[in-house]
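So the structure is just underneath, and the comments pick up after that.
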Amino acid sequence: MNPAPGETILVALMRYPVRDVLAAARKATDAVHPICVPTVLDHEFTSYFVPAPRQLPYGRTLQLAGDQDCEYKIAEVLHLRLSYRVEHIFRVGAITKPVETLAAPGLERLRADHIFCLQYESDRNDFGVLPPGWSNP
């Protein structure tokens, strides 16, 4: 989220136990997989989202501090929609200026390292390689 000059974006960081997601899934009769790994069906490749290869049991977050050696494997999972409660609010804040890290030239190197780690860990050298005619995100 990058606000325009003079704009403020209010944000809330939510934190809740997995049992709350599972309880919501029991009430949703159409929930087949209440918790799953992020895939290309959730979103196409972008600067901010890289889906998980099907060979990995969970997604990996992009490490903004860098991870050339593929050591930091912080899981990323998706879950069905959850109705938040007041006790789920962990922190609140405001974004008042663009996040410079995401706009910096270094993001391209971080993404390349991230995709390399996904390729290495999934034994898929073709993962993240765009088909002919596709444009880079």
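The values are calculated or read from the model by the stated rules, or taken from the named source; none is laboratory data. For clarity, every value in this text was computed on a predicted model and none was experimentally measured. With ideal geometry, Cβ positions are generated from the backbone for all residues, glycine too; neighbour counts draw on all protein chains shown.
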What single numbered condition from (1) in contact (Cβ under 8 Å) with a residue 24 or more places away in the chain; (2) outside any loop (DSSP other than H, G, I, E, B) fails to hold for CYS70? (2)
Residues satisfying the stated conditions in the range 71-109, i.e. loosely packed, with under 12 Cβ neighbours inside 10 Å, among the β-branched types (Val, Ile, Thr) and at pLDDT 90 or above: VAL86, VAL92, THR96
Taking the range 48-61 and the residues there that are buried (at least 19 other Cβ atoms within 10 Å of the Cβ) and under 10 Å from the mean Cα position of the chain (by Cα), the one that is nearest to MET1 (Cα to Cα) would be VAL50
Pick from the range 16-47 the residues that are outside any helix (DSSP H, G or I) and more than 30 Å from ARG111 (Cβ to Cβ): which of them is modelled with the highest pLDDT? PRO17
For the range 110-137: of the residues being at pLDDT 75 or above and among the polar types (S, T, N, Q), which is nearest to GLN55 (Cα to Cα)? SER122
